[in-house]
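The values are calculated or read from the model by the stated rules, or taken from the named source; none is laboratory data. Please read these numbers as outputs of a predicted model, since none were measured by experiment. Backbone-built Cβ (ideal geometry, glycine too); neighbour counts: all protein chains shown. Accessible surface is based on the protein model in full, side chains and every heavy atom, while ligands, DNA and RNA are left aside. Shrake-Rupley method; radii C 1.70, N 1.55, O 1.52, S 1.80 Å.
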Amino acid sequence: MRTNLRVPFADKDEAKRLGARWDPAKKLWYVHNIANLAAFARWLPAGTDPTGDAPPPPTTAAPVHTGARYFVLSCDCLPWVGCPQCGAAVDARGWRA
Ligand SMILES: [Zn+2]
């Protein structure tokens, strides 16, 4: 990844020492494939993250939607019927109301 720098003329030697390259066509300094731009932070355009940490990729997992009556039924009966084991939990969520 190429990152352009805004290096004042007075800083050009230091930028070069740190590894910046000069683009004669665009007449600007830049760095290429440098993961940590902290050393160049003072010359980075506004909005550049000097740590190089990429934002987390967007998740493709569908969000889980649960309603007010959601609960984990931990037995084998039909949830809308309930049984002595889970009847209280079923009633508490309003499934048989
Ligand atoms: Zn049950």
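Annotations
- For the residues 17, 42, 69, a GNM of the chain with alpha-carbon springs under 10 Å puts the largest fluctuation on 69.
- Accessible-area ranking of 70, 30, largest first, probe 1.4 Å: 70, 30
- For residue 60, the accessible area of its heavy atoms, probed at 1.4 Å with every protein chain present, is near 140 square angstrom.
- Entry comment: accessible area of the chain is 77 Å² per residue, from protein heavy atoms only and a probe of 1.4 Å.
- Cα gyration tensor, the stretch 2-43 - rounded (a/c under 1.5), prolate or oblate: oblate
- Residue 29 contributes about 30 Å² of solvent-accessible surface, heavy atoms of the protein only, 1.4 Å probe.
- Paramagnetic label reach from residue 48 (point 7 Å along Cα→Cβ; backbone nitrogen cut-off under 13 Å): within the stretch 1-34, residues 1-8, 15-16, 19-23, 28-34.
- The residue 32 and residue 62 beta-carbon pair, evaluated with R₀ = 41 Å, returns a calculated FRET efficiency of approximately 0.60.
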